[in-house]
Amino acid sequence: MIIKRSILTAATLFASATLCLGGCSNPTAAPESKDTSTSGDFWPAAETNLKGVELTFWAAQTSNKIPLKVVDSFQKKTGAKISVQTIPDNYESNVQTKIATGDTPDIMFWQPVPSTLKGFVAQGLLQELKDMPWAKDYEKGIMEAGGKVDGKQYAALISSPDVEGVFYNKEVFKKAGIGELPKNWKEFVETATKIKAAAIPGVNSPLFEMAGDQWGTQWAVNVQLADAAKDGLWQRVNQNKDSFTGPDILGAIKEYKSMFDKGLYNSDAGSAKFEDQTSALWEGKTAMIIQANGGFAGVAALAKGNKAALDQKIGFFPIAKNSNMGTSIPQQTGGVVLFKSTDEKRAAAARQFLNYWMTKGYEEFVKDQNIVSVLKSAKTPETVPQALIDSAKALETAQGSMQSQAIVNPDLYLNLANMVNGSMTPETAAKATQDQFVELAKAQGAKGF
């Protein structure tokens, strides 16, 4: 499953911010519903009879196949009917438009990070997922990776969140005589420099960027900020006490630019696309790509899902400025939210479905999707490639990305793509991003702006 955009556009964010500020006449205002969150039946037993109950489930074109098997199983067990409805791309903006008219689903795939959840939470549209029965069964790092707004749980993670890091070609590393993986950014750059100096036939560059598609440029900056994020970087940015022009973020942007100046990236980085990047890694034309899990999905598609071939050739390691810490970024394909309803029976049925998915139905779901399990009680299938297992393992100490921790998400990736193509400097890219961040924060009514 390849997720090409992990952030919302500025226009969508403005729409979200505007919805957050809407008054009581807003057609999307929260429906009046009985709050049974403290009662013993808030999470109905997974297989309770639901004959006659019909639910709607909104999904994107990238996620509409994911729940089909668990939906079918749940329907057979309970008698409920769940209609999985595909919302066309651009998923985020089209969802916002439909909800603005008062049209809401019972269940929906949604990126489980504060900046994308807050608009719905502010309107009181989402069910708070209190005391999820499977919460203690989550693997280390999953509960911390997403789903919360102001400390309250509004989304459940049904699969392992993406981790931004480095996917590398093991064969190229071997040819370059590299036996140990980098443990910090300095060692990472030294590794890239060593690969370049080795001048291996067929290896065109140590690193490969795809600024022609723009969205991937953000990863190289994000991963450098994990240590700073652990020290409260994004909290300071959210309070207008730090900024994209500050030493941490601007420093990371400058470092990214310097790697182009040193010739560590492909010569066509400004026009290259995602498909060029993944094929370059798989074919050994480059040694490393800084990507999220979607990047590996592209490589796996080229390998036709052959686990043995992938394990032999492709590996993963997390990286940050001062450590090998990962950077997490949950995607909409792995986050599920439940909407409130004037019909408490439907709202409870939606909770029951989620409970079934994450308990009785989870092991079957993991096998069907061939993914890393996020629950201790469900084994990860032996057919899952090792690089994805290593990526998920990095979640144990990972820090949230800009998308996970910032109150709004400006178009950093666009400004970085412009920088790669020479129309912006690190300073102007940082300033443009900060100016947009302030504008979006003000529209949201954030304090301090």
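The values are calculated or read from the model by the stated rules, or taken from the named source; none is laboratory data. Model, not experiment: these values are computed from the prediction. Here the Cβ is made from the backbone with ideal geometry for all residues, glycine too, and neighbour counts use every protein chain on show. Side chains included, ligands, DNA and RNA excluded: accessible areas come from the protein's heavy atoms. Shrake-Rupley method; radii C 1.70, N 1.55, O 1.52, S 1.80 Å.
Keeping every protein chain in place, order Thr342, Thr397, Thr104 by accessible area at 1.4 Å, biggest value first, i.e. largest first. Display every interim value, and only then the final one.
Numbers: Thr342 110, Thr397 85, Thr104 50 Å².
The ranking, largest first, comes out as Thr342, Thr397, Thr104.
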GNM top mover of Ala303, Ala59, Ala226 - the chain, alpha-carbon springs below 10 Å: Ala303
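Any of Lys230/Lys376; Lys340/Lys393; Lys183/Lys313; Lys285/Lys367 with alpha carbons more than 23 Å apart? Name them for me.
Details: Lys230/Lys376 26 Å; Lys340/Lys393 34 Å; Lys183/Lys313 20 Å; Lys285/Lys367 33 Å.
Pairs exceeding the cut-off: Lys230/Lys376; Lys340/Lys393; Lys285/Lys367.
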Spatial extent of segment 51-137: Rg and Dmax, with the Cα atoms as the point set, Å: 14.1, 38
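Thinking of segment 205-268 as a set of Cα atoms, what percent of all their pairs are more than 15 Å apart?
On the way: 1129 of 2016 pairs.
Cα-Cα pairs in segment 205-268 separated by more than 15 Å: 56 percent.
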Between segment 333-370 and segment 60-125, the Cα center-to-center distance that results, in Å: 11 Å
Whichever aspartates and glutamates have a C-alpha closer than 13 Å to that of Lys69, once near sequence neighbours (fewer than 8 apart) are set aside: Glu363, Glu364, Asp368
For Kirkwood radius over Cα pairs in Å, calculated from these coordinates, the label among (1) 23.2; (2) 22.6; (3) 25.8: (2)
With DNA, RNA and ligands ignored, accessible area of Asp227 (1.4 Å probe; Å², nearest 10): 30 Å²
Between segment 302-316 and segment 395-449, the alpha-carbon center distance in angstrom: 34 Å
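When the chain is fully extended, how far beyond the present Cα-Cα distance does Glu382 get from Gln239, taking 0.36 nm per residue of separation? Kindly include the intermediate steps, with their values, before the conclusion.
Values: separation 143, 0.36 × 143 = 51.48 nm, distance 4.49 nm.
Full extension from Glu382 to Gln239 adds 47.0 nm.
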Quotient of C-alpha Rg and 2.2 N^0.38 Å, computed over segment 130-184: 1.77
Surface accessible to a 1.4 Å probe, Trp185 within the full protein complex, Å²: 10 Å²
Long-range Cα-Cα pairs in segment 192-336 (distance over 27 Å), rounded percent: 26 percent
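Quick check: with the 1.4 Å probe, what order do Glu180, Glu283 take by accessible area, largest first? Don't skip to the answer; put the middle values down first.
Details: Glu180 135, Glu283 110 Å².
These residues rank, largest area first, as Glu180, Glu283.
Round to the nearest 0.05 the FRET efficiency obtained for Asp311 and Asn94 when R0 = 35 Å and r is the Cβ-Cβ distance. Before the final figure, lay out the partial values.
Working: r = 38 Å, r/R0 = 1.10.
Once rounded, the FRET efficiency stands at 0.35.
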Asp390 accessible area, assembled protein chains, probe 1.4 Å, Å²: 60 Å²
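Could you tally the net charge around Ser404, taking each other residue with its Cβ under 12 Å from the Cβ of Ser404, Lys/Arg +1 and Asp/Glu -1? It would help to have the intermediate numbers written out before the result.
On the way: positive: Lys148; negative: Glu144, Asp162, Glu164.
Here the charged neighbours net out to -2.
Summing +1 for each Lys or Arg and -1 for each Asp or Glu, what net charge is found among the other residues whose Cβ lies under 15 Å from the Cβ of Asn370? The partial results should precede the final answer.
Details: positive: Lys65, Lys69, Lys304, Lys307, Lys367, Lys379; negative: Asp311, Glu363, Glu364, Asp368, Glu382.
Once positives and negatives cancel, what remains is +1.
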